[in-house]
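Each remark here refers to the structure printed beneath this line.
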Amino acid sequence: MLNVQVCLGKQTESFRSAAAGAAQTNRCLSVLVAKGELNLEAESEEARTLWLTGFHALMTKAGKKPVFEP
């Protein structure tokens, strides 16, 4: 079973690094799985919300229950 966690904002170590300093917190999200993470910054907060909506729909269709962390 694939466990997936989605974190909003700059909660991962990668996002807290100097390289991500310019990333805007309200546009960031991270997808965490056992083998790694995907850290993304959307063009806007609205775009991030669309990504979350789409991701939730995909996970639900696959029979998974994603965990979203504010």
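The values are calculated or read from the model by the stated rules, or taken from the named source; none is laboratory data. What you see is a predicted model; the values in this text were computed from it and never measured. Note that we place each Cβ from the backbone using ideal geometry, even for glycine, and neighbour counts take in every protein chain shown. The area values use the complete protein model at the heavy-atom level, side chains included, leaving out ligands, DNA and RNA. Shrake-Rupley method; radii C 1.70, N 1.55, O 1.52, S 1.80 Å.
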*asked:* Can you give me the angle between helix 45-61 and the longest principal axis of the chain, using Cα atoms only, in degrees from 0 to 90, rounded to the nearest 10?
replied: 20 degrees
*Taking only protein heavy atoms into account and a 1.4 Å probe, give the accessible area per residue of the chain in Å².*
69 Å²
*asked:* How high is the relative contact order of the chain? Use alpha-carbon pairs under 8 Å, at least six apart in sequence, and give a whole percent.
replied: 37 percent
*Virtual spin-label span in nm between residue 19 and residue 56, 7 Å along Cα→Cβ*: 3.1 nm
*Which value at 222 nm does the chain reach when only helices count, each DSSP H run of 4 or more adding -39,500 (n - 2.57), with the total divided by all residues and rounded to the nearest 500 deg cm²/dmol?*
-8000 deg cm²/dmol
*Say each of residue 37 and residue 4 gets a label point 7 Å from the Cα, pointing the same way as Cα to Cβ; how far apart are those two points in nm?*
1.7 nm
*Coarse-grained scattering of the chain at q = 0.16, 0.22, 0.26 Å⁻¹, given as base-10 log I(q)/I(0) from a Debye sum over alpha-carbon atoms*: -0.53, -0.95, -1.21
